[in-house]
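These notes concern the structure reproduced below.
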Amino acid sequence: MRPLVIGLCAALVGCVSRGMAQEAPPPPPTSTSTQTTTTSSSSTPTAPPVTSTPSAPPRFRHARPSRSTSIGGPNNGSLEGGVALPERATGLVSNPRRPNATAFYGTAELINAIADAAAVVDRALPGGTLTVNDIGFQRGGPIDHHGSHQAGRDADVLFYLLDAQGQPHPSVGVPIDPEGNGTDYRDLMDPSDDVPLRIDLPRTWRFVQALLENEHALVQRIFVVEHLRTMLLDEARRQRAPRAVVQRFSEVTCQPAYAHDDHLHVRLFCSDEDLGAGCADASPMYPWRLAQIEAAGLAPVAETRARRRSRVVTEAEARASAPPMHESVRAFLDRRESWIVQPHPGRRYCR
Ligand SMILES: [Zn+2]
């Protein structure tokens, strides 16, 4: 059987791809697979074991907020002075197998905020690693598989995951069901290589809390599937998170047209500095943000230009072009139909 290193991704719309390169099963020596774009040279049969002790990641150095400017809006914008997410930093890795290989640039505020939040998780709950997928291109603009991510203020991050023993497991972009479980199916035709996984709610919530508490990077939006939104809210209460943070989370989260059951999509507001330099916010504009903008002597700028389309695949196209799958993969995808439909016309602030 031919290994399908892109695994379940091939059957999912908007799939954020697998996690780290070393998790791909090595191709057999006789493989003629052409899916080399998702396989790194480190996954050859002769590659050294990836579990060797990693050296400490380099210390993350904040980028100056003035270095970058987000121009226009998430759906039709660009980026000046884009800041690169480091390949590794405390508690985080930048996924080398992200869908768009060079989409690791964002505004200074976004990159600083992601790195800071991952470091908070690493200090509070050591052992897990945040995997960051697509952010945007160095100069922003349209990006395959995404409607937005054009102005340096959007980032996709994978959920922290646990293995069957409850230990941290490197993140992969697998859909998580309403019980909090997912499976890394790897070779979709081979049931013997399936890896059961579970969302790591304590670390995932702690990351979200740290982002929301960052006053230098105001979170406008977190897209996530409805059942994980509920589970994260329950976890927040379990951790006795500050009431204001929980309230903010419940306000900024929703399940949009694409379910977001395999990652979180975080979007920041324009910074005050960028607002006066061409940055524009997509909806919604919350009363609290409006009050801040007015208090700063600024005026809100709404994104008005139509979405600049990028290449995206429909659900039907993904299913139709999916490789052969064993029975439980098909059953999972059938079950997934029940939660990928947007559960309501939208929360108050979700289109
Ligand atoms: Zn996204």
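Dividing the convex hull volume of the alpha carbon atoms of the stretch 238-326 by its residue count gives 162 Å³ per residue.
Working note: Karplus 6.51/-1.76/1.60 with θ = phi - 60° gives the stretch 124-140 the couplings 6, 9, x, x, x, 9, 7, 10, 9, 9, 5, 10, x, 7, 3, 10, x Hz, where Gly and Pro are set to x.
Per-residue Cβ neighbour counts within 10 Å put ASP116, ASP261 in the sequence ASP116, ASP261, beginning with the fewest.
Roughly speaking, what is the stretch gain from VAL313 to ALA331, that is 0.36 nm per residue apart minus the C-alpha to C-alpha distance, in nm to one decimal? Write out the running numbers ahead of the final one.
Values: separation 18, 0.36 × 18 = 6.48 nm, distance 2.16 nm.
Value of the extension gain: 4.3 nm.
Each peptide in 160-172, 86-98 receives the mean, over its residues, of other Cβ atoms within 10 Å, and ordering these scores from highest gives 86-98, 160-172. With N as its number of residues, the stretch 99-167 has a Cα radius of gyration that, divided by 2.2 N^0.38 Å, comes to 1.25.
Among HIS326, HIS149, a tally of other beta-carbon atoms within 10 Å of each Cβ gives an order, fewest to most, of HIS326, HIS149. Cα centroids of the stretch 156-234 and the stretch 119-150: 14 Å apart. Annotation: amide H of GLN220 within the under-5 Å range of ARG267, LEU268, PHE269, sequence separation 5 or more or interchain, hydrogens built in the peptide plane. Enclosing the Cα atoms of the stretch 181-246 in their convex hull gives a volume equal to 112 cubic angstrom per residue.
Bear in mind that the values in this text are calculations on the coordinates, not laboratory data. All values reported here derive from a predicted model rather than from experimental measurement. Note: ideal-geometry Cβ built from the backbone for every residue, glycine included; neighbour counts use all protein chains shown.
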